[in-house]
1. Nearest-5 percent of antiparallel DSSP beta bridges in the stretch B:106-246?
2. Treat the count of other C-beta atoms within 10 Å as a stand-in for reagent exposure and order A:1, A:197, B:38 from fewest to most.
3. Expressed in nm², what is the orientationally averaged projection area of the convex hull enclosing the Cα positions of the stretch A:58-216?
4. In angstroms, what radius of gyration and Dmax does the stretch B:2-95 have, counting Cα atoms only?
5. So for chain A, averaging the separation of alpha carbon pairs under 8 Å that are six or more residues apart and normalising by length, what relative contact order in percent results?
6. Want the number for residue B:54 to residue B:146: 0.36 nm per residue separation, take away the alpha-carbon distance, what's left?
7. Measuring nothing but label to label, 7 Å from Cα along Cα→Cβ, what are residue B:45's distances to the other copies in nm, shortest first?
8. Angle check, please: helix A:138-148 long axis (alpha carbons) against the longest principal axis of chain A (alpha carbons), in degrees 0 to 90, nearest 10.
């Protein structure tokens, strides 16, 4: 058997999330359908770096799977892209050791969140940005971003529904915000992320930008470990799983 | 009765074109459904500057309709946008004289066509650009663009299926091409356009960019008035009806 790692992109707008579900169009479902076709009906299971929710996009999700086929990597890419639908694309296929696991071996992930800061909605951005109509103090947001960097328990900023057992401690290497015209880009790089963590943090950062909270509040919110203290999870369509790094990659 | 003109935007990817059709989701169908709801079940017909095909987008389509309601223009806009789906948006509503007609009174239209000039497809661009993988000579394209400007009979560059009777003569005020990174933007401004005209012309301009034709061929192709002489109509998803001008507007 060969173990293969793929870097994949998808436009999340027409998928009911990543994880396979009966009767729903999911990333895993479409990918496994293509692999099963290549394997003449034998079901091939894929394993992602992590799931993504309905409407969330990926510029660099990674998955692994095993196959008895020994074919050149470029042919793997071509064959898969021929069979996959237009909103799901394989960027790269590489061979990995038997011991590799797309989820357990992650050392760093990057997410981005895009906000369209205009009063009026834009039909071309509705699936790719979160439209936020209020005037924002970007410097206050940037100051708050720095409060999130480093190692913290992120219980306050993760879904209460999270099934993750164990520590809610994660390390964020970068949290940043930049405004270009009406587009606001948030970048998060970290050792790992809890369920809904980016969407909850960006929601709080937007509250700060609107003046409803202060950058200085963050330390207290982190310390209290209480999801009830912050606002709702903001919509999925602004969120992109941007890249995933593994041991030994630079 | 009040006569109203609306400037509307739509993302054409989920519409089976503009014109109403039974069992298909069309721009006219969705718009008239919203208007009929506002008019308590009385059907209100809309009239566009012209139809657009399946997959074609609009940044500034115009329509007119008549209504017995005398409500402030801003409320018209709000009410319609509340009832319309997310991929169809009313930008502006203005009152127009009884004699106004969104189609017959057009004095100028602008279309744009966007090409994604990369070897690999991009899941986020598939509905908004035509992906063209070949290396292009942009200067040759720009030279050819100039050959289309002015008044010509565009029979060679319009669908043979066109039902338009009368003259195939049109005046193009601007035909231009600009490359920014991997994106190529074509702009067409003219007195009017024949069916599929922009998509056929851009197809020929791409042939020229690839070196399969010369800019000097255009005059002869125009003179021969024969649709068979040029290639296929390129895909709709790169095409945008950008704006429509009427008498008295600057």
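1. About 95 percent, rounded to the nearest 5.
2. So the ranking, lowest neighbour count to highest, is A:1, B:38, A:197.
3. Over all viewing directions, the stretch A:58-216 projects a mean Cα-hull area of 12.3 nm².
4. Rg, Dmax (Cα atoms, Å): 12.2, 35.
5. 24
6. So the extension gain works out to 30.2 nm.
7. 6.1
8. 70
No lab work stands behind these numbers, since they all come straight from the coordinates. Being a predicted model, the structure only gives us computed values, none of them experimental. A quick note on method: Cβ atoms are made from the backbone with ideal geometry, for glycine too, and the neighbour counts reach across all protein chains shown.
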